[in-house]
1. Say we look at region 76-103 and pick out the residues that are closer than 30 Å to residue 193 by Cα and surrounded by fewer than 19 Cβ atoms within 10 Å (Cβ to Cβ); which of these is modelled with the highest pLDDT?
2. Mind listing whichever residues of region 42-97 are among the aliphatic types (A, V, I, L, M) and without any contact (Cβ under 8 Å) to a residue 12 or more places away in the chain?
3. For residue 62, only one of the following conditions fails: (1) away from the ligand (no atom under 13 Å from the Cβ); (2) of a type outside the set (Ser, Thr, Tyr); (3) at pLDDT 95 or above; (4) over 22 Å from residue 123 (Cβ atoms). What is its number?
4. Got a sec? Which of 88, 96 is in contact with a strand residue (DSSP E or B) (Cβ under 9 Å, 6 or more places away or on another chain), more than 11 Å from the ligand (Cβ to nearest atom) and closer than 25 Å to residue 60 by Cα?
5. So which residues in region 130-141 are in a loop (DSSP other than H, G, I, E, B) and touching a Phe, Trp or Tyr at 6+ places or on another chain (Cβ under 9 Å), if there are any at all?
6. Failed condition for residue 197, given (1) closer than 30 Å to residue 33 by Cα; (2) surrounded by fewer than 17 Cβ atoms within 10 Å (Cβ to Cβ); (3) touching a residue at least 12 places away in the same chain (Cβ under 8 Å), with all others met?
7. Restricting to region 160-183, what's the tally of residues that are acidic (Asp, Glu) and either within 14 Å of residue 135 (Cβ to Cβ) or not assigned by TED's automatic domain parsing to the domain that holds residue 147 (or both)?
8. Residue 217 - would you say it is touching a Ser or Thr at 6+ places or on another chain (Cβ under 8 Å) and in a loop (DSSP other than H, G, I, E, B)?
Amino acid sequence: MRLTFINGSPRGSKSNTAKVMDYFIQGFLETPGNSCEIQFITRHRGDLNALAGIFSAAERVLIGFPLYIDAMPGSVKEFFESLTPLAGRCRNIELGFVIQCGFPETHQNRFAERYCEKLARRLGCCYMGSIVKGGLEGMAIQPKFLTDKYEYFFHALGLEFGKSGKLDPVLLEKLSRPEHIRQEDLANLIPFINKALWDDQLEKNGVLDRSFDRPLEP
Ligand SMILES: Cc1cc2nc3c(=O)[nH]c(=O)nc-3n(C[C@H](O)[C@H](O)[C@H](O)COP(=O)(O)O)c2cc1C
């Protein structure tokens, strides 16, 4: 089986998208005969038509990107628009997406997921589904018990996909948890996130006491 993975993160090879998809691809390649080509949208920004050409010649494609302000990054939207001439002509391509974001609730990604499903239909592709996950902000500094989970599920999804060509719905559902966070849990979570992501860095730089400064206020 031949897979083309298109990474749409503006952070390219250093992105969270790349990190989690490395686990997926490792699992995918465990089936003998499978191969994977990785493309980065950032490296094609001067000529997105070349990437559209790679897309149109592919068999199975996964396009991965983070949420930037509730939607796909501008460079990903630009790539999608470059596929316009292919509308209705991609019957031989199986297309899926990897959509992840920083905030913990996976639900935030569901609107972009619906857009992606519609895009696949309009291109005439067979839609394979989407891997959707919240909570990846600051992945590099998250505790190991959280990142182990990403490694396990992305690897397992890739392994299954490598054997069957399908995204396992049970694994997709388990990975996506929590879909929503209850208000009472949020009250405990927010101070934890503030400390781990922001306050620790402010403290390291000796400016924690200035975290509420408003330098631009007249
Ligand atoms: C400009 C910008 C906008 C973002 N907007 C959102 C957002 O609307 N919702 C969210 O949950 N995370 C948001 N994030 C966090 C990213 O989605 C998150 O860190 C993601 O894992 C980054 O993936 P990447 O490293 O593959 O680019 C934003 C990050 C940046 C830099």
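1. From region 76-103, those closer than 30 Å to residue 193 by Cα are 76-77, 97-103; that's our starting set.
Next, only the ones that are surrounded by fewer than 19 Cβ atoms within 10 Å (Cβ to Cβ) stay: 77, 102-103.
On the way: 77: 98, 102: 93, 103: 91.
If we take residues in region 76-103 being closer than 30 Å to residue 193 by Cα and surrounded by fewer than 19 Cβ atoms within 10 Å (Cβ to Cβ), then 77 is modelled with the highest pLDDT.
2. Across region 42-97, the qualifying residues are 50, 57, 69.
3. (4)
4. Of the residues listed, the single one that is in contact with a strand residue (DSSP E or B) (Cβ under 9 Å, 6 or more places away or on another chain), more than 11 Å from the ligand (Cβ to nearest atom) and closer than 25 Å to residue 60 by Cα is 96.
5. Selection gives 134, 135, 136, 137.
6. (1)
7. Final tally of qualifying residues: 1.
8. Answer is no for this residue.
The values are calculated or read from the model by the stated rules, or taken from the named source; none is laboratory data. Because the structure is a prediction, the values reported are computed rather than measured. All Cβ positions, glycine included, derive from the backbone under ideal geometry; neighbour counts span all protein chains shown.
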